[in-house]
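Novice: Got a structure here, written out as structure tokens. Questions coming.
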Ligand SMILES: [Zn+2]
Ligand SMILES: [Zn+2]
């Protein structure tokens, strides 16, 4: 059984970038959370700052993982453990260079076509998100 990554209770799968935000099914976009840490007051669906924190963390993991400037589709499939057909479709609107896809484009798309920054977290209370 899946366990909450915060408290260890039985958990559901949470999409860090929601599917409604263009989020994709692959392991780095999943977080396992119990009902309280998922949909409760202390979960990302109710706590917008936590939601943003999870997204910033995910983007940082992607930036660490895809540290080169370009990756081929096969490399991306391996690194991200993502379905090849789905990824190819997602990246169709981005330029395929002879070296591969640009990491920047891949990360941007996987984050739901948004660029998250730590600055957004620090300035959260002045920041009015549209999600
Ligand atoms: Zn929990
Ligand atoms: Zn969720």
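Novice: From the set of residues in the range 8-30 that are touching a strand residue (DSSP E or B) at 6+ places or on another chain (Cβ under 9 Å) and within 16 Å of ligand 1 (Cβ to nearest atom), which is farthest from residue 85 (Cα to Cα)?
Specialist: Across the range 8-30, the extreme among qualifying residues is 9.
Novice: Which condition number in (1) within 13 Å of ligand 2 (Cβ to nearest atom); (2) touching a helix residue (DSSP H, G or I) at 6+ places or on another chain (Cβ under 8 Å); (3) within 24 Å of residue 123 (Cβ to Cβ) is the one that residue 14 fails?
Specialist: (3)
Novice: Based on what the data block shows, is residue 99 surrounded by fewer than 14 Cβ atoms within 10 Å (Cβ to Cβ) and in contact with a strand residue (DSSP E or B) (Cβ under 8 Å, 6 or more places away or on another chain)?
Specialist: yes
Novice: Return the residue satisfying two criteria in turn: it lies in the range 31-65 and is within 15 Å of ligand 1 (Cβ to nearest atom) and under 11 Å from the mean Cα position of the chain (by Cα), and of such residues it is farthest from residue 10 (Cα to Cα).
Specialist: 54
Novice: May I pose another question? Only one of 80, 62, 96, 91 is away from ligand 2 (no atom under 15 Å from the Cβ), in contact with a helix residue (DSSP H, G or I) (Cβ under 6 Å, 6 or more places away or on another chain) and at pLDDT 95 or above. Can you tell me which?
Specialist: Going through 80, 62, 96, 91 in turn, just one is away from ligand 2 (no atom under 15 Å from the Cβ), in contact with a helix residue (DSSP H, G or I) (Cβ under 6 Å, 6 or more places away or on another chain) and at pLDDT 95 or above: 62.
Novice: Right, something else. Could you look through the range 67-82, keep only residues that are more than 15 Å from the chain's Cα centre (by Cα) and without any contact (Cβ under 8 Å) to a residue 24 or more places away in the chain, and pick out the one that is farthest from residue 100 (Cα to Cα)?
Specialist: 78
The values are calculated or read from the model by the stated rules, or taken from the named source; none is laboratory data. The structure presented is a predicted model; accordingly, all values stated were derived computationally and were not measured. For neighbour counting, all protein chains shown are included, and Cβ atoms are generated from backbone atoms with ideal geometry for every residue, glycine included.
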